[in-house]
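So the structure is just underneath, and the comments pick up after that.
The values are calculated or read from the model by the stated rules, or taken from the named source; none is laboratory data. From a predicted model like this one, the values you see are computed outputs, not experimental measurements. Counting neighbours? That spans all protein chains shown, and the Cβs are built from the backbone with ideal geometry, glycine included.
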Amino acid sequence: MSLLLFNKPFRVLSQFTDDAGRETLADYIDIGEVYPAGRLDYESEGLLLLTDDGRLQANIAEPRAKTPKTYWVQVEGIPSPDALADLREGIELNDGPARALEAKSIAEPRKLWPRKPRVRVRKTVPDSWIQLTIDQGRNRQVRRMTAALGHPCLRLIRTSIGPWTLGTLKPGKFSALSTLHARQMLERDRASRRAKQRT
């Protein structure tokens with residue numbers, strides 16, 4: 001049994017089949033009987049976890065697990081410190097409140113791969129990058145959170161899920177861990193977060 005770390009390219013579905021002929025995980029992963037532990041929407045990029053272990057999949061993906069996920073988000077405009085504070089304190093979406101564990105401005109990530117097609121930016125409107133961490137997993141949540149503050153998302157890249165990070169994985173590539181190692185990493189990560197909450 002194993003856990004796969006996959007760098008999902010832009011406009012690839014987080015599933016293995018599609019009746020409309022779009023690219024899917026099957027175009028990149030030839031290991032049978034693995035399933036996504038959570039999802040990453042069609043137009044988002046970055047880390048997607050897959051496993052053949054149902055228990056591990058549930059431990060990562062179930063909402064009650066509150067596994068933190070970190071994103072690099074390119075947005076229109078330059079969010080103010082107050083806007084970033086609003087993300088951390090919580091904003092109201094149409095399906096309830098949403099809050100970021102972390103929201104901060106960052107420089108454009110170094111060695112970022114080019115997206116195809118390229119991001120369309122408006123010459124009259126600046127763009128910037130923020131780093132956002134959430135422990136919820138609602139549909140298109142990060143995009144909706146930044147849009148609610150007047151900063152539409154231009155590009156969204158998930159860089160980590162719990163203890164796992166993209167590292168040097170290139171788009172369309174994956175690496176594998178044993179399920180035992182993955183479970184140990186998850187337990188250590190959760191123990192560390194519990195200890196921080198107590199302090």
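Of the residues that make up region 76-96, is at least one closer than 17 Å to Leu166 by Cα, in the same structural domain as Ala148 (by TED's automatic domain parsing), surrounded by fewer than 11 Cβ atoms within 10 Å (Cβ to Cβ) and not hydrophobic (A, V, I, L, M, F, W, C)? No, that holds for no residue. When the strands (runs of 3 or more DSSP E) confined to region 1-107 are screened for residues that are of a type in the set (Gly, Ala, Ser), those reaching at least 2 such residues are found at 96-98, 102-106. Taking Leu169, is it aliphatic (A, V, I, L, M), in contact (Cβ under 8 Å) with a residue 60 or more places away in the chain and not in a loop (DSSP other than H, G, I, E, B)? In short, no.
Let's see how each residue does on (1) under 12 Å from Met145 (Cβ atoms); (2) loosely packed, with under 15 Cβ neighbours inside 10 Å; (3) in contact with a helix residue (DSSP H, G or I) (Cβ under 9 Å, 6 or more places away or on another chain); (4) touching a residue at least 24 places away in the same chain (Cβ under 8 Å):
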{"position": "Arg99", "(1), (2), (3), (4)": "yes, no, yes, yes"}
{"position": "Ala103", "(1), (2), (3), (4)": "yes, no, yes, yes"}
{"position": "Ile106", "(1), (2), (3), (4)": "no, yes, no, yes"}
{"position": "Arg110", "(1), (2), (3), (4)": "no, yes, no, no"}
{"position": "Trp113", "(1), (2), (3), (4)": "no, yes, no, yes"}
{"position": "Val125", "(1), (2), (3), (4)": "no, yes, no, yes"}
{"position": "Gln131", "(1), (2), (3), (4)": "no, no, no, yes"}
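Every condition in (1) modelled with pLDDT of 95 or more; (2) under 15 Å from the mean Cα position of the chain (by Cα) is met by Pro152 except one, and the failing one is (2).
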